[in-house]
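Structure first, then comments.
No value in this document is a laboratory result; all are computed from the given coordinates. Quick caveat, the model's predicted, so the values are computed rather than measured. Cβ coordinates were reconstructed from backbone atoms using ideal geometry, including for glycine residues, and neighbour counts include every protein chain displayed.
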Amino acid sequence: MGFNGGGGGQLLNHEHDGTLVADGGPLDFKNITQSSMSTGSITFSDGAHLQERTIGAATEILTVAGGVPTWAAAAAGGATCSDVLVVGGQSRTLCTWLAIAA
């Protein structure tokens with residue numbers, strides 16, 4: 001006898017949609033689950049649901065438009081290796097951060 005929720009019949013897909021009654025509430029999305037997202041995608045919340053933003057082109061930067069993350073053409077002049085970025089209180093050049101990420 002397979003698990004079917006005790007009431008018989010086929011189980012519905014479980015989506016953790018807090019707007020639906022008895023669908024599990026919010027999903028703890030902190031590195032504990034798998035999804036059908038594309039490689040390199042990021043997720044963001046629209047305030048009600050998680051959304052996928054697929055990876056942009058190599059010439060694009062991630063920016064915000066209308067309150068949501070979106071890919072846009074990089075501004076002319078862009079960053080250089082000697083530009084200093086502060087991330088998490090640590091100050092390093094752009095090239096150093098890129099080398100760490102590689």
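A simple count of charges around Phe44, restricted to other residues whose Cβ falls under 14 Å of its Cβ and scoring Lys, Arg +1 and Asp, Glu -1, yields -1. Summarising the amide proton neighbourhood of Thr70: residues at separation of 5 or more, or on other chains, whose placed amide H is nearer than 5 Å comprise Thr63, Val64, Ala65.
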